[in-house]
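Peer 1: Got a structure here, written out as structure tokens. Questions coming.
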Amino acid sequence: MKMVLMSVSVRRLSLLGSLLVLLAVTGCASAGSASSTRTHGELTVVTAFYPLQFVAQRVVGAHGAVNNLTQPGAEPHDLELTPRQVASLTTASLVIYERGFQPAVDEAVRQSENRQVIDTTTIVPLRPLPSGSDDLDSGQWAADHRSNLDPHVWLDPTSLARIARVVEKRLSTIDPDHALDYARNAAALNKELRTLDRSFRSGLAHCVRTEFITTHAAFGYLAQRYHLVQIAISGLNPDTEPSPARIAEVQRLATEHGLTTIFSETLTSPAVAQAIAGDLGLVTDVLDPVEGITDQSRGQDYLSVMSANLAALRKAGGCS
């Protein structure tokens with residue numbers, strides 16, 4: 001009898017051992033699948049400011065969440081991050097930022113040691129404002145910004161299209177199961193950006209005035225793309241007060257070129273633009289650098305705000 005009980009016990013232990021091994025193998029296989037295949041909602045993309053958020057949301061589509069470090073209505077140039085925002089870079093599936101534009105983001109990306117990062121300056125290299133141009137006098141330039149590189153590449157739609165293509169390729173590498181969707185989403189976005197570019201080229205091709213005055217030097221890439229001349233009251237930092245000499249120079253240029261409009265922005269005070277316009281009997285209007293979308297924006301997204309910019313430029317320039 002004892003021999004029979006021992007035999008049954010041995011068989012039970014053997015069966016239990018086999019089941020444990022099977023469960024362990026199955027568990028390992030499931031864990032491996034989870035790490036290589038992302039399901040809905042698992043993909044998290046962190047972007048530094050609005051235009052990059054716009055691109056990421058359009059390309060990601062329904063396959064993940066996009067978090068923007070710069071909150072709506074906030075000025076991105078001088079962004080400060082919360083501890084939670086800094087921590088989010090470590091766990092993000094992908095981080096998209098522009099090196100040199102937001103020092104707090106640069107440092108947080110470095111500390112995160114996240115390898116899935118896109119620095120857009122490697123896609124669209126930044127350019128300095130032209131030395132000695134009407135954009136900024138040398139004294140204002142020296143006091144105005146920590147770098148002479150203009151970060152506003154997204155105001156040229158073709159540059160944003162280049163960034164979108166790289167985002168699509170990286171997402172397809174991170175999440176290959178949805179690569180076809182990412183490619184389709186990016187293609188649809190690029191089509192809209194090409195249409196926007198054509199609208200700007202045709203809409204600004206025949207204008208009485210190609211010069212325009214804006215509160216800060218955000219529109220260099222747009223001006224170069226569409227053969228316009230930017231006259232900036234302040235430099236790359238919109239919070240810098242222009243010098244009296246710069247204001248006098250802007251007034252002289254406005255008179256010399258017969259300009260009718262001084263452009264202000266949605267995220268900064270229009271006081272300086274209104275003062276200069278009042279002195280010269282000119283009107284004010286909004287030219288939006290699309291650094292963020294608020295209730296005051298003339299549109300709900302990048303494409304609609306840029307279309308509003310085109311209408312404002314055409315009106316100010318007397319374009320036909």
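Peer 1: Taking H as built 1.01 Å from N, whose amide H comes closer than 5 Å to the amide H of residue 118, not counting residues under 5 places away?
Peer 2: The list, which skips near neighbours in sequence, is 95, 96, 97.
Peer 1: What does the C-alpha gyration tensor say about the overall shape of region 202-269? Classify as rounded when a/c is under 1.5, otherwise prolate if a/b is larger than b/c, or oblate.
Peer 2: It comes out oblate by the Cα gyration axes.
Peer 1: Using 0.36 nm times the number of residues separating residue 113 and residue 148, minus their current alpha carbon distance, what extension gain do you get?
Peer 2: Here the segment from residue 113 to residue 148 would lengthen by 9.8 nm.
Peer 1: Right, something else. How high is the FRET efficiency between residue 237 and residue 184 when r is their beta carbon distance and R₀ equals 41 Å, given to the nearest 0.05?
Peer 2: Approximately 0.60, to the nearest 0.05.
Peer 1: Please give, to one decimal in nm, the separation of the simple spin-label points placed at residue 91 and residue 295, each 7 Å out from Cα toward the Cβ.
Peer 2: 3.2 nm
Peer 1: Still on this structure, please answer the following. Please list, in chain and number order, the residues 5+ apart from residue 211 or on another chain whose amide H is under 5 Å from its amide H, with Hs placed from the backbone.
Peer 2: So residue 211 has HN proximity to 229.
Peer 1: In nm, what is the difference between 0.36 nm times the number of residues separating residue 271 and residue 127 and their Cα-Cα distance?
Peer 2: 49.0 nm
Peer 1: Enumerate the amide H contacts of residue 66 below 5 Å, restricted to partners 5 or more residues apart or on another chain; note that Pro and chain-start residues carry no placed amide H.
Peer 2: 45
Peer 1: With no solvent and one point on each alpha carbon, what is the Debye value of log10 I(q)/I(0) for region 218-320 at q = 0.13, 0.16 Å⁻¹?
Peer 2: -0.46, -0.72
Peer 1: While we're looking at this one, here's another question. How would region 137-253 be classified by its alpha-carbon gyration tensor: rounded, prolate or oblate, with rounded meaning a/c under 1.5 and the a/b versus b/c comparison settling the rest?
Peer 2: Oblate is the answer for region 137-253, as a/c is 1.5 or above yet b/c matches or exceeds a/b.
Peer 1: Can I ask one more? Roughly speaking, to the nearest percent, how much of region 147-239's 1.4 Å accessible area is carbon and sulfur?
Peer 2: Answer for region 147-239: carbon and sulfur cover 50 percent of the accessible area.
Peer 1: Can you tell me the mean projection area, over all orientations, of the convex hull of region 162-202's alpha carbons? Units nm², please.
Peer 2: For the Cα atoms of region 162-202, the hull's average projected area reads 2.6 nm².
Peer 1: A further question follows. List, in order, the whole-Hz ³J(HN,Hα) value for each residue of region 165-176 obtained from phi through the Karplus relation with A = 6.51, B = -1.76, C = 1.60 and θ = phi - 60°; use x for Gly and Pro.
Peer 2: These are the phi-based 3J(HN,Hα) values: 5, 5, 4, 4, 5, 5, 4, 5, 6, 5, 10, x Hz.
Peer 1: Along the Cα→Cβ direction, 7 angstrom out, place labels at residue 67 and residue 315. What is the inter-label distance in nm?
Peer 2: Modelled inter-label distance: 4.0 nm.
The values are calculated or read from the model by the stated rules, or taken from the named source; none is laboratory data. Keep in mind the model is a prediction, meaning the values are calculated, not measured. With ideal geometry, Cβ positions are generated from the backbone for all residues, glycine too; neighbour counts draw on all protein chains shown. For the accessible areas, the whole protein counts, side chains as well, though only heavy atoms, and no ligand, DNA or RNA atoms are used. Shrake-Rupley method; radii C 1.70, N 1.55, O 1.52, S 1.80 Å.
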